[in-house]
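We did not get these values from a lab; they are worked out from the coordinates using the rules stated. These numbers were taken from a predicted model, which means no experiment stands behind them. All Cβ positions, even for glycine, are placed from backbone atoms using ideal geometry, and neighbour counts span all protein chains on display.
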Amino acid sequence: MLVAFTSIIITPPYMVKEGYDRNNPYIVGVVELEEGVMALVRIIGMDAKKT
């Protein structure tokens with residue numbers, strides 16, 4: 001289950017090398033698995049400019 005998410009516009013250098021910046025943000029979220037474990041993950045397949 002997705003618990004929370006946000007789009008990131010201030011990126012670390014390794015993400016800038018991948019093409020992410022203020023004009024091209026990316027999305028991260030907190031996911032809770034059935035076992036109760038929570039993980040911070042990068043979410044792909046969504047337009048971060050529309051979140």
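For region 11-38, the set of residues classified as of a type in the set (A, V, I, L, M, F, W, C) and surrounded by 10 or more Cβ atoms within 10 Å (Cβ to Cβ) consists of MET15, VAL16, ILE27, VAL28, VAL30, VAL31, MET38, listed by residue number. Give the residues of region 25-51 that are part of a strand (DSSP E or B), touching a residue at least 12 places away in the same chain (Cβ under 8 Å) and either on the phi > 0 side of the Ramachandran plot or not β-branched (Val, Ile, Thr) (or both), sorted by residue number. Within region 25-51, TYR26, GLY29, GLU32, MET38, LEU40, ARG42 meet the criteria.
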